[in-house]
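Okay, so here's the structure we're looking at.
The values are calculated or read from the model by the stated rules, or taken from the named source; none is laboratory data. Fair warning: this is a prediction, and the values are worked out from it, not measured in the lab. Every residue, glycine among them, receives a Cβ derived from its backbone with ideal geometry; neighbour counts consider all protein chains shown. Surface accessibility is based on the protein's heavy atoms, side chains included, excluding ligands, DNA and RNA. Shrake-Rupley method; radii C 1.70, N 1.55, O 1.52, S 1.80 Å.
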Amino acid sequence: MTRKLTAPFFEIGPKAYLYGDDALMLAKAAEAASLEFGVSVIFTPQLTDIHLIAQNTKHLFVCAQHMDALRPGRGQGSILPEAVKAAGASCAMLNHVERQIPLAALKATILRAREVGLISIVCSDSIAEASACAQLGPDVVVAEPSELIGTGMTSDEEYVRLSTEAVKRVNFEIQVLQGAGISSADDVYRVIRAGADATGSSSAVCKAPDPEKMIREMLAAARQAYDERTK
């Protein structure tokens with residue numbers, strides 16, 4: 001059975017900054033903050049750490065950084081959906097700018113995620129691409145201008161509003177995560193207040209002097225902004 005994400009939620013992407021025990025420590029801090037503030041957390045570790053994280057946490061949505069659409073059999077070096085699920089993941093992130101997928105393969109991979117019970121999270125680079133990705137039927141669309149990733153500069157409120165509306169026009173049930181350049185609690189508050197269901201951060205959390213403190217501040221801001229917006 002596929003777990004359900006409810007807004008507001010937050011994605012923490014260690015990418016290749018952390019792995020092993022360091023990733024697990026961050027995951028446990030994220031889980032504690034998730035429970036404290038009532039904000040679901042997607043945690044996207046190295047593929048080799050999915051099982052470690054899933055076995056040592058209960059409430060995180062552990063997410064694969066990439067997945068392929070193949071079925072059991074031949075496919076050396078590919079990432080099998082069934083194996084991702086069996087390792088303990090709840091979701092798979094697809095089409096990140098650092099690991100893009102051709103459109104036909106993306107559609108097939110979304111379908112495979114649904115088949116094995118994984119939440120599909122699809123990244124997009126522009127408002128037009130966000131709309132196109134929504135038409136493929138994922139669970140979550142990430143609206144993330146690639147030129148802002150890792151810069152500390154975030155999308156303006158017009159982009160947040162227009163990209164969110166573009167996805168919701170296709171299917172109101174698809175949730176929208178606004179990413180790219182989120183580096184502070186103020187950034188989190190602004191994009192959630194502007195209409196996003198979620199946001200997330202990679203380098204700002206992983207490279208922070210006190211990652212646990214940064215996570216708590218960001219999740220608190222997400223909770224506050226969402227509550228203010230929806231009251």
### Query
³J(HN,Hα) across segment 67-82 via Karplus (A = 6.51, B = -1.76, C = 1.60, θ = phi - 60°), whole Hz, x for Gly/Pro?
7, 9, 9, 5, 10, x, x, 6, x, 3, x, 8, 10, 7, x, 4
### When segment 67-190 is reduced to its Cα atoms, the Kirkwood hydrodynamic radius in Å
15.0 Å
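Can you give the % of DSSP beta bridges in segment 114-228 that are antiparallel, to the nearest 5?
In segment 114-228, approximately 0 percent of DSSP beta bridges are antiparallel ones.
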### Message
How big is segment 125-231 along each principal axis, measuring the range of its Cα positions in Å and listing the largest first?
### Response
40, 34, 23
### Task
With N denoting the number of residues in the chain, provide Rg(C-alpha) divided by 2.2 N^0.38 Å, to two decimal places.
0.93
#### Entry: Amide proton proximity set for Leu94, modelled H, under 5 Å, gap of 5+
Ile121, Val122, Cys123
### Query
Calculated from DSSP H runs of 4 or more alone, at -39500 (n - 2.57) each and per residue, what is the 222 nm mean residue ellipticity of the chain, nearest 500?
-13500 deg cm²/dmol
### Query
Label Tyr19 and Arg114 with points 7 Å out from Cα along Cα→Cβ: what is the distance between them in nm?
3.4 nm
### Query
So what does the Cα-only Debye profile of segment 1-113 read at q = 0.10, 0.13, 0.19 Å⁻¹, as log10 I(q)/I(0), no solvent term?
-0.29, -0.49, -1.00
### Message
Using a 1.4 Å probe on the protein heavy atoms only, what accessible surface does Arg99 show? Give it in Å² to the nearest 10.
### Response
120 Å²
### Task
Determine by what factor the alpha-carbon radius of gyration of segment 8-62 differs from 2.2 N^0.38 Å, reporting the quotient.
1.00
### Task
Cross-chain or 8 or more residues apart, Cα under 30 Å: how many lysine pairs in segment 77-215 fit that? Count them up, please.
4
### Task
Kyte-Doolittle cut-off 0.0, length cut-off 15 Å along the helix's own axis using Cα: show which whole DSSP H helices in the chain pass.
20-37, 103-116
#### Entry: Per residue accessible area in Å² of the chain, where ligands, DNA and RNA are left out and the probe is 1.4 Å
45 Å²
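Between Lys58 and Asp186, what's the calculated FRET efficiency when r is the beta-carbon distance and R0 is 41 Å? Round to 0.05.
FRET efficiency, Lys58 to Asp186: 0.85.
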### Task
Grab the Cα-Cα distance for Asp227 and Glu212, subtract it from 0.36 nm times how many residues apart they are, and report the gain in nm with one decimal.
3.1 nm
### Query
In the chain, carbon and sulfur make up what percent of the accessible area (probe 1.4 Å)?
51 percent
